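Reading through the structure tokens given below for one structure.
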Amino acid sequence: MIKNTLLPVAEFLQRRNDFIAQMPANSLALIAAGKEVTRSNDTEYPFCQSKHFYYLTGFNEPDAVLVLIKGDDSAQSILFSREKDRLQEIWHGRRVGQVQAIETYKFDSCFTLDEVDEQLLPLFIGKSAVLICQHEQNKFQQQVLAWLAEIRKAARTGVKAPTTLIDCSGLLDEMRLHKSNAELDIMRQVNVISGAAHQRAMQQTQAGKFEYQIEAELLHEFATNGARHPAYSSIVAGGDNANILHYTDNDEVLNNGDLLLIDAGGELAGYAADITRTFPVNGKFNTEQSTIYQLVLDSQNLAINAIKPGQTLAELNRIVCQFLTQGLYDLGILKGNVNVLLAQRACKKYFIHGLGHWLGLDVHDVGDYHASPQREQLRPFVAGMVMTIEPGIYIPSTDKTVDEKWRGIGVRIEDNILVTASGFENLTVNAPKTIADIEALMSQ
């Protein structure tokens, strides 16, 4: 059964209050919504809201502007959004409008976009600072600078204009890094949906099918269960294609005896899952495939079991690199002095990417991996952070330095992990990943 996946309005209201509390005194913050993007001629890509804007509002229309005001002893939230327009709604769908925006989303006031200059410009007067998310939307930044220039022109008449422009992206990044219970409930749901999609893909895979046919099975399972869109372009990579890290062509035939690597997750209420599974097209791992697969799986379990408050992603990387380097040396894939190989983290020849990343409203979610702006100290985990753990081994078919039996094998295994007060919770609960479980599912 599909649960209610909407965050309560009170959550967005609390986020705005928390953000305002961290704003400088006597300041104004401007956060822009996303824009519709043309795909071709007069058709658009599916709309994706600006994540910072959505985080503070829950409002899912394009072109809007959120204004947050912090006075000496008061706070105010104002939304500018598209006006109700019967003809536009007939052609393109219903709009929230100004009255409902106040009633539903609990803004203090709401005006149409046509009223921006009239209503917004006076709000700049007397403020000491303006906060925006720099590097998000260059066109909106230019508009803010134009508004500031307009106010500063009036300085000769005694009008006080803001003197400081602050990038508030880091503040929002930090807020988004720590997940609430309501957010975690959605992330658990989208993991279950995505895990079911990986199960479906395993059961529908067979030699002779095309990669895109398996991609279609994933999308079907996502949408059927309420995750209307994938969180990112699905990777469905058969055989040597798995050694292309961001392979998304998904247009080749699946061959008997090859592995299939699928990196795919749904998006639910804006929140992403990011799961990778690797399994044999014919349902049975051969000796070499199972050897590499088990090495990757053991390294992942080693990392996940070490997650707890105070741990760091860098330390998990170190643990996994040591383990994989030793494992690849034992298999004869890495050659030389083992102590030198360990010191050089020689596994990085085959474990090319990092071990994981933050996860939330974005797949590669915001949040610094360091504890200070100087980046000299690594950020320790605290309860409420969610990350991926995704070790991999990639041995391309062109690698002549290894025995031919290993060539063309690419394996990645990825789960979504929540840091808890006592350790961790694996949110990826229903996507099989042991060799026995995968083969049992695929034999059905």
- Query: If you take the residues in the stretch 138-183 that are assigned to a loop (DSSP other than H, G, I, E, B) and under 34 Å from the mean Cα position of the chain (by Cα), which one is nearest to Leu68 (Cα to Cα)?
  - Reply: Cys168
- Residues that are open to solvent by less than 40 Å² (accessible area, probe 1.4 Å) and touching a strand residue (DSSP E or B) at 6+ places or on another chain (Cβ under 6 Å), drawn from the stretch 138-166: Phe140, Val144, Pro162
- For the stretch 356-373, indicate whether the set of residues that are of a type in the set (D, E, K, R) and surrounded by 17 or more Cβ atoms within 10 Å (Cβ to Cβ) is non-empty. yes
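Just for the stretch 113-137: of the residues that are of a type outside the set (A, V, I, L, M, F, W, C) and part of a loop (DSSP other than H, G, I, E, B), which one is surrounded by the most Cβ atoms within 10 Å (Cβ to Cβ)? Explain how you work it out, then say what you get.
Step one: list which residues in the stretch 113-137 are of a type outside the set (A, V, I, L, M, F, W, C), which gives 114-115, 117-119, 122, 126-128, 134-137.
So of that shortlist, the ones also part of a loop (DSSP other than H, G, I, E, B) come out as 126-128, 134-137.
On the way: Gly126: 14, Lys127: 21, Ser128: 14, Gln134: 14, His135: 9, Glu136: 17, Gln137: 18.
Result: Lys127.
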- Task: Please note which helices (runs of 4 or more DSSP H) are completely contained in the stretch 286-376 and include at least 2 residues that are among the aliphatic types (A, V, I, L, M) and either under 29 Å from Ala231 (Cα atoms) or touching a residue at least 40 places away in the same chain (Cβ under 8 Å) (or both).
- Result: 287-305, 313-330
- Message: Anything in the stretch 209-259 that is open to solvent by less than 10 Å² (accessible area, probe 1.4 Å) and part of a helix (DSSP H, G or I)? List them, or say none.
- Response: Glu211, Ile214, Leu218, Phe222, Gly239, Ala242
- Message: Can you go through Glu36, Glu44, Glu61 and tell me which one is in contact with a strand residue (DSSP E or B) (Cβ under 8 Å, 6 or more places away or on another chain), touching a residue at least 12 places away in the same chain (Cβ under 8 Å), surrounded by fewer than 16 Cβ atoms within 10 Å (Cβ to Cβ) and of a type in the set (Asp, Glu)?
- Response: Glu36
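The values are calculated or read from the model by the stated rules, or taken from the named source; none is laboratory data. The structure displayed is predicted, hence computed values, not measured ones. Cβ sites come from the backbone with ideal geometry, for glycine too, and all protein chains shown count toward neighbours. For the accessible areas, the whole protein counts, side chains as well, though only heavy atoms, and no ligand, DNA or RNA atoms are used. Shrake-Rupley method; radii C 1.70, N 1.55, O 1.52, S 1.80 Å.
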